[in-house]
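Worksheet: the structure to be examined is printed underneath.
Laboratory data are not the source of any read-out in this text; all were calculated from the coordinates shown. All values reported here derive from a predicted model rather than from experimental measurement. Note: ideal-geometry Cβ built from the backbone for every residue, glycine included; neighbour counts use all protein chains shown.
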Amino acid sequence: MLKTRVRFAPSPTGPLHIGGLRTALYNYLYARSKGGDMVLRIEDTDRTRYVDRAEEYIFEALKWSGIELDEGPNAGGILGPYRQSERLGIYQNYAKKLVKSGHAYYAFDTVEELETMRTEREAQGIHSPKYDWRIREEMNTSLKMTEDELARRLKSDQPYVIRFKIPDEGEVTFSDEIRGEVTFDCSELDDKVLLKADGWPTYHMANVVDDYLMQISHVIRGEEWLSSTGLHVLLYSALGWDKSIPVFAHLPLILKPTGKGKLSKRDGAKFGIPVFPLEWKDEQTGDLFLGFGEMGFDPAAVINFIALLGWNPGGEEEIFSMAELTDLFSLEKVGKSGARFDFDKARWFNQQYVLNSGAAELAAQAQPFLKKAGFAPEEEYVVRVCELMRERIQVISELPEAAIFFFTKDFPMDQKQLKKRWKENSAEILENINRLIGQLDDFSKSKIEKEIKSFINEKDLKFGQVLPLLRLAVSGTMEGPDIFAAMELIGKVKCERRLAELLQKMN
Ligand code: GLU
């Protein structure tokens, strides 16, 4: 049996979005589940759409998300180079080989000639005319040239392309692991350019040649490539590689959070949500696109979230580590229909990871966000804050705001609650509590709790008359964690000051 080899083949035309990351993930999971190899190939042959920092971004995003590569531009491997721009000679040779075997031809049509062909065909009532068997013979191609003429033309500086000659009739069929048998009628396919006038290959040519030479056994990619696969299979046959045609699996789309259609980078801006693993600044427009990483998401949670966008192992369980995903993943359980991108669900996943993380780990993740908010607390203190606050945040970046009263006395006061809770005897109660606090030598959670509760009982008060006030005085909010634990952590002197300050304000 041949070794399982998959590839992730992004084009560096911009940052890798969540859909691309999911393609990479499914490839990775598949390879790992079969003990196979994961190859990264940079498909950088479209120079008009090439974006400088995109390749670097791809490396970083894969690394951030824990997707490991066996081969690739900076991972090594013996079947490289893994950047298509470094393989131009290879594609040129195969394109010429196809011409020699009669499966492709030179086309010298000028832009004007192509335009004329289109206008004429449209005038005949043909909607979006293609360069295909219907007009091939009328065009300016090597198909109708003598060898001498062709040689002369090729020597002149007239630009030309190499086009694939789609068989005039018949069908091309392949089986897709997700969609079953797929068939295209050859008469519906056009004679795609394989090699452009500048000597660079098109996507189709480079993609097929490389999948073959890199011994790819499974092509797992987005649904948008399904319509090209007929051509790819024909190319394999034309090159004599029938036996090496890979298994195809075309993944379902990731849909917009609401409405119809595919998730796009504009949706990120529209809904104020990240659709990229890491932040990306568009150098041309200056636009900044949010990234899950910079927003404080745990990469493992993001991986868990996107793994389930289109794949489901069955059952109720939703929390899976990378190792568990590897064990469970199979292409049969990938669905055909699009999966909706739901940011609230992403936050929910992250929350599960926050709940399951150690406080020290959370504290380390919190540091950059605290720093950004202008706080510089001691590590040990942050660990204790995380212990208390872990259930109250979904993403670690929320910590500085949700736990602000742990870091500064200038926390916002929930005025609505204060107004509602402040009664005639409130000042007196708080004064008493403050006195009581002042007398405590042991300012531990249990001691504070015990003393305050016995005060409430002695004075025949209700918890509701005392604890909300205490909470508001110390933290400004009714949402905080256990108030006695919070007080212990904040410390006696600061708590006393906060109570005094509120009393003064309400005076
Ligand atoms: N370079 C293509 C892309 O950017 C790869 C498609 C494929 O995997 O064949 O998505």
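Summary table
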| item | result |
| --- | --- |
| Those lysines that a straight Cα-Cα span of less than 28 Å connects to LYS459, excepting residues fewer than 8 apart in one chain | LYS416, LYS419, LYS420, LYS423, LYS445, LYS447, LYS450, LYS492, LYS494, LYS505 |
| Kirkwood hydrodynamic radius over Cα pairs of segment 257-322, then Stokes diffusion coefficient at 20 °C and 1.002 mPa s, in µm²/s | 158 |
| Entries in LYS372/LYS409; LYS281/LYS372; LYS256/LYS372 that, when Cα-Cα distance is taken, lie over 21 Å | LYS256/LYS372 |
| Taking MET205, MET478 and counting other C-beta atoms within 10 Å, the order from fewest to most | MET478, MET205 |
| Share antiparallel - DSSP beta bridges, segment 198-326, percent rounded to 5 | 35 |
| Helix-derived mean residue ellipticity, 222 nm - over the chain, DSSP H n ≥ 4, -39500 (n - 2.57), to 500 | -13500 deg cm²/dmol |
| Folded to 0 to 90 degrees: helix 343-356 orientation relative to the chain principal axis, Cα | 60 |
| Equivalent ellipsoid semi-axes, segment 80-232, via Cα gyration tensor eigenvalues times 5, rooted, Å | 27, 22, 13 |
| Straight-distance crosslink candidates among lysines, where the alpha carbon sits under 20 Å from LYS155 and sequence neighbours closer than 8 are dropped | LYS96, LYS97, LYS100, LYS144, LYS196 |
| In segment 271-366, GluC sites (Glu not before Pro) in a DSSP loop with at most 15 other beta-carbon atoms within 10 Å | GLU283, GLU316, GLU317, GLU318 |
| Shape box of segment 224-369 [Cα atoms, principal axes, largest first, Å] | 58, 43, 29 |
| Whole-Å semi-axes of the ellipsoid equivalent to segment 403-490 (Cα gyration tensor, √5λ, descending) | 19, 18, 10 |
| With 5 Å bins from 0: P(r) over segment 1-85, alpha-carbon pairs, percent | 3, 16, 26, 26, 18, 8, 3, 1, 0 |
| Descending Cα extents along the principal axes, segment 459-502, whole Å | 27, 21, 16 |
| Sparse-neighbourhood loop sites, trypsin sites (Lys or Arg not before Pro) in segment 382-440 - DSSP loop, at most 16 other Cβ within 10 angstrom | LYS409, LYS423 |
| Helix axis angle, 54-65 relative to the chain longest principal axis, alpha carbon, degrees | 50 |
| Over the chain, equivalent-ellipsoid semi-axes from the Cα gyration tensor in Å | 65, 22, 19 |
| Bridge type composition, the chain - antiparallel percent by DSSP, nearest 5 | 55 |
| Percent of C-alpha pairs per 10 Å bin, segment 398-445, short to long | 20, 31, 43, 6 |
| Residues GLU391, GLU488 arranged by fewest to most Cβ contacts within 10 Å | GLU391, GLU488 |
| At most 16 other Cβ within 10 Å, DSSP loop - chymotrypsin sites (Phe, Trp or Tyr not before Pro), segment 42-79 | TYR50 |
| Packing rank of 263-273, 441-451, where each peptide gets the mean count of other beta carbons within 10 Å, highest leading | 263-273, 441-451 |
| Rounded tilt (10° steps) of 203-213 against the dominant C-alpha axis of the chain | 90 |
| Candidate aspartates and glutamates for bridging to LYS3, where Cα separation is under 12 Å - those fewer than 8 sequence places away on the same chain excluded | ASP37 |
| Inter-centroid distance (Cα atoms) of segment 78-115 relative to segment 254-276, Å | 36 |
| Order of SER33, SER101 - criterion: other Cβ atoms within 10 Å of each residue's Cβ, fewest first | SER101, SER33 |
| Order by protection proxy (mean Cβ within 10 Å, highest first), peptides 212-221, 236-245 | 212-221, 236-245 |
| Centre separation in Å (Cα based) which lies between segment 207-237 and segment 303-361 | 28 |
| The chain: relative contact order in percent, alpha carbon pairs under 8 Å with at least 6 residues between | 12 |
| Karplus 3J(HN,Hα) series, Hz, for segment 243-254 with 6.51 cos²θ - 1.76 cosθ + 1.60 (x for Gly, Pro) | 6, 9, 4, x, 7, 9, 8, 9, 7, x, 5, 9 |
